[in-house]
Amino acid sequence: MLPTPSELTADALSDWIAKNPDPDVGGVRILPDLKTVMVYWKGAPPAGLRNLAVTLPMPVTFQASPYSLADLDPIARKVLADNRDVVSSTGPSHDYSGVSVTLWSTAPLNATIARLNKEASVPIIFDKTADPVDLAGTTDTSDSHALDECVEPARCADVPRFFGGGMIRVRGLTPSWSRVCSTGVALYAGTHQYMTTAAHCLPSGTWVSYDNGEVLGSVNQSIGHYKPDPGDIMIIETPNLFRIWNGAWNTDISQPVTKMKRPAEGVYVAVSAGVSGNNAPQRVESVGRYWSTETAESVGPGFFVEPHVTDRIWGYVQKGDSGSPVIRSDSAGNFEVQGFLSKGQNTVATPTNCSPLRHPGFPPTTSPPSYCYGDYWAVYADIAINSYVGVHLKTVSDQGP
């Protein structure tokens, strides 16, 4: 899906803000009508940004906000850290008027919000009830042999040099099952090459391509390759290329990576998922979010994605998709990496409405482990990758070794 005029406008504004850091910035948002682009700013926006806005393809509205992102971000992190038993996610509200929270379904709504507001120095705004779930999968190893439909190299049966968005498993973790996740993107540092996946997939064992068993390697914890906080990321040293799979579970088509960037609120993104494949773009509903995982008390910042209101019955990610790259296409159809899939939302689609492009070894069910989810959390790509010193994203213009 190529960028719309509204998305091009939001991208240009976001790029200017990224290149001109300012403590008073709130953020950029495309409203749900998909026609209105907002810029939230504490005080007067810079003249350079206003001058840029009048040259863009869609009208831009500047809105004064009582707080900036810099004001709200540390408070959002603290609210989550102090209240993980009742709060499942935090971040700035859409208009930067306070901190938005999602609560676990077991939390008493009114009493919790009242207490949080009493304790906080800014308004605490209830967003929704949400029970984030881990998207690492498991499968019986008897189902892990090559399928006739999977001809290497492909998403389900990748080979060196490995691509992002591939389906991987831990070889022989136990006699009866294997942990399943997805590759993210190719990185390098000097002559070393690395492939990412989610830290909550756990750093044990040897990771291999799902259907053909080609070895990627292991996560070396002793030299810092395992980083659950803040980016929910770990890296496997292995040969790779600057490409991400594009299509169904057994696709042999891929696209090059051009860069990483943070999405503005309201743009549409897609997941190139190991189990579920590439599916319909979904809307970034909120940004600057924090959440917890089984291996980290605080992951983020990142963003929350949900389907368009007319597409709410679908669940486009499921168990086994953890670590997948969340991407957007540029005007040439190449991939810009926005983030990495971390958690699914407790809203569960019916089995018949799970991804039609998913791997046949993972049929959806009405019980674990093969739920599919319409909503998800993803950590910003730069937060995850930049947690490693001296490591670079492989791209068309920086292909590494």
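The values are calculated or read from the model by the stated rules, or taken from the named source; none is laboratory data. None of the values given here were measured: they were computed from a predicted structure. So basically every Cβ, Gly included, is an ideal-geometry build from the backbone, and we count neighbours across all protein chains shown.
Points worth noting:
- Residue list for segment 249-262, restricted to those being outside any strand (DSSP E or B) and either more than 22 Å from the chain's Cα centre (by Cα) or of a type outside the set (Phe, Trp, Tyr) (or both): ASN250, THR251, ASP252, ILE253, LYS261, ARG262
- Filtered residue count, segment 181-230, keeping only those that are at pLDDT 95 or above, crowded, with 19+ Cβ neighbours inside 10 Å, among the aliphatic types (A, V, I, L, M) and over 20 Å from the mean Cα position of the chain (by Cα): 2
- Scanning segment 210-237 for residues that are hydroxyl-bearing (Ser, Thr, Tyr) and out of contact with any Lys or Arg (no Cβ under 8 Å at 6 or more places or on another chain) turns up SER218, SER222, TYR226.
- Scoring PRO74 on the criteria (1) surrounded by fewer than 20 Cβ atoms within 10 Å (Cβ to Cβ); (2) closer than 30 Å to THR293 by Cα; (3) touching a residue at least 12 places away in the same chain (Cβ under 8 Å) leaves a single failure, condition (3).
- Filter result for ILE244 (surrounded by 24 or more Cβ atoms within 10 Å (Cβ to Cβ), closer than 20 Å to VAL379 by Cβ and in contact with a His (Cβ under 6 Å, 6 or more places away or on another chain)): no
- Any hit, segment 241-248, residues being part of a loop (DSSP other than H, G, I, E, B) and in contact with a Phe, Trp or Tyr (Cβ under 7 Å, 6 or more places away or on another chain): no
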